[in-house]
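The values are calculated or read from the model by the stated rules, or taken from the named source; none is laboratory data. Source: prediction; values computed, not measured. Cβ atoms come from the backbone with ideal geometry, glycine included; neighbour counts cover every protein chain shown.
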């Protein structure tokens, strides 16, 4: 019978039998033991140890769940799989993060930086401080959405508009090839030029460098039906990576000792209604302190001495919105978001108490 005349029932039956036949080898490997879920037959892969951003700029930003007593890599992978995510990452012994998109290779770190023991199995490692042990879950990944920004004027060698990275693809360049290349390297913007050249950058090209779209008229080496820039002209796209400018003064989230045992004990101010990290840093700077810390949405603390690393906590515990800017975080309950101010740290010598 012609394919178009097959009934819906026939099609469903054929699909059902095809699925059963496809699973025969899987069941045979398990001596015909039934599996609990589709997750049990999908292959997961360890991708590596990755650098995570601050709480406002997570590398895996789909979903987050803490497992204080039970986290293992398998638990996190299955948790993310069940929620439909393609990637799972463990961090700081008990945190599990999920995402639909693969993290960029530019964020990879050495495996020996993911050394936190899993809360649910001390023989396994679950990331580290601001480090993620990342796995695929077996679900097909979704590539980041790309947005065309326009045709831009390039400055040529020595004055590139996208100055992060350059790669030539003499036979295969398309905008997708360039976008994925820049995405994998951790860049926010990708631009094609002169049919074969791909440029990456983390800086957005200025609007005053825009040119008419018809000046980007070079056919892509890998697909002549598409356009890849022109002569000193760039076809620019976003790669889908959302980057927040890193704050070089932020040193981490720390555990505070409360009223009787403050971690930053030089000065304390309540700035209800106005506190932001910048206001606290500026206040402490003007008072001559080397360190500033925000806590509980509206409290600002200053100190001349750097807090000890042993008091560091997970960034996710500094989750109180700032009283003066709800898009920023200002510590948490007995947690301090700590920054340097630029003032040189004061060394406090030890005092001899006697023999």
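Structure summary
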item: Filter result for residue 289 (over 27 Å from residue 60 (Cβ atoms) and outside any strand (DSSP E or B)); result: yes
item: Among residues of the stretch 160-204, those that are over 20 Å from residue 218 (Cα atoms) and part of a loop (DSSP other than H, G, I, E, B), counted; result: 9
item: Hits in the stretch 314-333 (condition: modelled with pLDDT of 90 or more and not in a loop (DSSP other than H, G, I, E, B)); result: 317, 321, 322, 329, 332
item: Residue within the stretch 57-80 that is at pLDDT below 75 and part of a helix (DSSP H, G or I) present; result: no
item: Residue match in the stretch 87-94 (condition: part of a loop (DSSP other than H, G, I, E, B) and either over 17 Å from the mean Cα position of the chain (by Cα) or over 30 Å from residue 310 (Cβ atoms) (or both)); result: yes
item: Some residue of the stretch 254-261 being at negative phi, modelled with pLDDT of 90 or more, touching a strand residue (DSSP E or B) at 6+ places or on another chain (Cβ under 6 Å) and in a loop (DSSP other than H, G, I, E, B); result: yes
item: Lone qualifier among 138, 186 - being within 30 Å of residue 67 (Cβ to Cβ), touching a helix residue (DSSP H, G or I) at 6+ places or on another chain (Cβ under 6 Å) and surrounded by fewer than 24 Cβ atoms within 10 Å (Cβ to Cβ); result: 186
item: Search result, residues across the stretch 141-160 that are over 25 Å from the mean Cα position of the chain (by Cα), modelled with pLDDT of 85 or more and surrounded by fewer than 22 Cβ atoms within 10 Å (Cβ to Cβ); result: 150, 153, 155, 160
item: All positions within the stretch 154-164 that are in contact with a helix residue (DSSP H, G or I) (Cβ under 9 Å, 6 or more places away or on another chain) and farther than 12 Å from residue 192 by Cα; result: 155, 164
